[in-house]
Amino acid sequence: MKTIETTADETEQPVLQVRNLKKYYPITSGLLNRHVGDVRAVDGVSFDLHAGETLAIVGESGCGKSTLAETLLRLHEPTEGDVVYRGQSLAELSGTALQRIRREIQMIFQDPTASLNDRMSVGRIVAEPLRIHGWDGDVDERVAELLEEVGLSPGDHHDRFPHELSGGQCQRVGIARALALNPSVLVADEPVSALDVSIQAQILALLDALQDEYGLTYVFVSHNMSVVRHIADRVAVMYLGRIVELADVETIFEDPQHPYTESLLSSVPDVGTERTDRITLHGSPPDPIDPPEGCNFHPRCPLARELAEDDRAKCETEDPALVSHDARDIACHFRP
Amino acid sequence: MSAPLLEVRDLVTQFHTDEGVVSAVDGISYEVHAGETVGVVGESGSGKSVSVRSIVRLISSPGKIERGEVRWKGKNVLEMTPRELRQLRGNEIAMIFQEPREALDPAYTVGYQIVEAIQAHRDVPNGEAREEAIELLAEVGIPNPSEAISRYPHEYSGGMAQRALVAMALAGEPELLIADEPTTGLDVTIQAQVLELFARLQRDREMALILITHNLGVVSELCERVIVMYAGRIAERGPLDRIVEEPKHPYTQTFLESVPRLDNPGAIDPIEGTPPNLSDPPSGCRFHPRCPEAKPICREQQPPEITFEDDQMAACYVYTDSYHRSPAEPTTKHYEDD
């Protein structure tokens, strides 16, 4: 387990405070583009992000984890709610003030080749944020330093183009670019999903080393529970635009309480473990345009199925709020 | 042991590209017995898909099966006439692929496509074929099959589409099902459903299964035996528990250590470097530039196949006398980065 070293001041104030964040995509219909409904991609998400920690956001496709990551950086304008960076509300900012805070929160993308401009050399790609935000020092020197930092050779790779590099090398370039402005938070959206296993391990080791060296704070979006177990300090499990359970990594993996977390974990095929306790979910996640009444998860919930009729009616009609129990936040009427 | 269903001997498949000859599969041999489940694992470019597609000769230009033998119940597949090959594909050996929705024709209903698959193999009247299609959809766990049969592929989710493809593959009542990354791209809870389906079908139908995947977890769920491929060759093969608990080949060992696992949240140990470019593969053992155990002897010749108990095999010099007599690597190795 990693230990998080924080000064007293930092423990008092989280780096990021996410408050009831919502991102809806309107659905329009007809000639007049009448507003007929919303895709509730992110539907009221709140959490604190502490300095030096890695918070993983996990869930299946369509649960809103990527939209959440992008809304944190204000790549999307939130429908409602706010993100507060070190006490400063991002919703109140615009122009240069917003740009200044954007230097502090950087992103690494899933598809390492698609997220790099193929017409630019590696050197130019890494230098670009330095030019845009106005770097005080020597840009060439900084680029060489960054390439070295992510395990590329400034001599060899500086003048190459993305198509000449492997997937793993491209992801290293993406990381160098994200680090260019000395950010304090890195939001990584499935950064190793497109890579081969042996390369995945190299990139995870690099992210670990960079965090130790610079005290970086990570938001790590992933569908891969094994990777999350390895890299995260805390885990937020999302289902249909909401957090259903949030706790430290040990608690989530050793003692999951939300029925969705439980079945998600038991679905992961793992090397060398005999699965006798698999909880197979029926059906697929529902449509976020028309989420189920009551608890979002109830139509697939193995726990709800076993409840007495009166109790089940509660799941079908009442929406459970995310509440704290000991060191865990959970949204379930009957757990813990 | 009875005669194997499928025997592959010294198979070589190459791609003739502008940049030269790519030896995608370079002399592999293995057997599959009736009712057995075999996992073929490896990273991209290890030749796992090409080696299995070569079995049913699904290799198109610029690829070519250069030499070797593929025997299905004793008969050489590489010498079959187009007619015999059609009979083999689908009827005796069926295949399903990754990206299930791309394998279905969006212009026709799922039912139409399954009926077509049934009638391609057997002379069954329309009504009867439709009944059979509904039964197949029910068998693969599609809810409300008599209605689902008239739906179009875009109305199916990824997991449902993969089930429909499995139904189609079952139409010919194959004795061997080849599944190429069948759950890659599916969500874990859906993947678990599809894996359970495979386990059930394999049990009920006593069908042999070759599962190609990069995911060792998926192999652990389903397979009795595992073939580990690296750069177009078999690095190691053997029973699942032997491969997982006592891997003999340094590639298998480092590969297992580099995979983040639920039961082992501790440090992972990445393999340095990247898999080689197969248009110019390393000499000798193709893993030697990345191998922690490599000695000069490993650069010289292809390593011998060493057999251990329980039919475990590793192609590695470490288990030979000549390796131990050979001097250690004189200089520190320089890794190609990443």
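Read-outs: derived from the displayed coordinates by stated rules, not from any lab. Every value quoted in this text rests on a predicted model; they were computed, and no experiment measured them. Methodologically, a virtual Cβ is constructed for each residue, glycine included, from the backbone with ideal geometry; neighbour enumeration extends over all protein chains shown.
Ignoring solvent entirely, what values of log10 I(q)/I(0) come out of the Debye formula for region A:224-274 at 0.13, 0.19, 0.21, 0.22 Å⁻¹ when each Cα is a single scatterer?
Listed by q, the Debye log ratios stand at -0.28, -0.61, -0.74, -0.81.
Report, as a whole number in µm² per second, the diffusion coefficient that Stokes-Einstein gives for chain B at 37 °C and 0.692 mPa s using the Kirkwood radius over alpha carbon pairs.
It diffuses with D of about 153 µm²/s by this estimate.
For helix A:122-133, what angle does its Cα long axis make with the longest principal axis of chain A, in degrees from 0 to 90 and rounded to 10?
Compared with the principal axis, the helix lies near 80 degrees.
Two decimals is fine: what is log10 I(q)/I(0) at q = 0.15, 0.16, 0.25 Å⁻¹ for region B:1-75, from a Debye sum with one equal scatterer on every Cα and no solvent?
At q = 0.15, 0.16, 0.25 Å⁻¹ the computed log10 ratios are -0.52, -0.58, -1.21.
Specify the residue with the greatest mean-square fluctuation among A:HIS50, A:HIS133, A:HIS258, computed from a Gaussian network of chain A linking alpha-carbon atoms under 10 Å apart.
In the Gaussian network model the winner is A:HIS133.
Who wins for biggest fluctuation among B:GLY185, B:GLY172, B:GLY158 in a Gaussian network model of chain B, springs between alpha carbons below 10 Å?
Result: B:GLY185 has the largest fluctuation of those listed.
How many lysine pairs are close in the protein assembly as shown, with Cα atoms under 18 Å apart and the two 8 or more places apart or on different chains?
Close lysine pairs under the 18 Å cut-off: 5.
Go ahead and estimate [θ] at 222 nm for chain B from helices alone: -39,500 (n - 2.57) per DSSP H run with n ≥ 4, summed, over the residue count, rounded to 500.
The per-residue figure over chain B is -9000 deg cm²/dmol.
Give me B:ARG261, B:ARG67, B:ARG203 ranked fewest to most by other Cβ atoms within 10 Å of their Cβ, as a rough exposure proxy.
B:ARG203, B:ARG67, B:ARG261
How long are the semi-axes of the equivalent ellipsoid of the protein assembly as shown, taking √(5λ) for every eigenvalue λ of the Cα gyration tensor, in whole Å from largest down?
Equivalent ellipsoid semi-axes, largest first: 42, 36, 23 Å.
Kirkwood hydrodynamic radius for region A:112-182: how many Å is it when counted over pairs of different Cα atoms?
Evaluated on region A:112-182, it is 11.7 Å.
Given R₀ = 41 Å, what would the calculated FRET efficiency be for B:SER61 paired with B:GLU147, taking r from the Cβ atoms and rounding to 0.05?
0.45
Other chains' Cβ within 10 Å of A:279-292 residues: what's the mean?
Mean partner-chain Cβ count within 10 Å for A:279-292: 3.
Take chain A, connect every pair of alpha-carbon atoms lying under 10 Å apart with a spring to form a Gaussian network, then pick out the residue of A:GLU318, A:GLU213, A:GLU70 with the largest mean-square fluctuation.
A:GLU213
Between region A:127-153 and region B:220-261, what's the alpha-carbon centroid distance in Å?
Cα centroid of region A:127-153 versus Cα centroid of region B:220-261: 41 Å apart.
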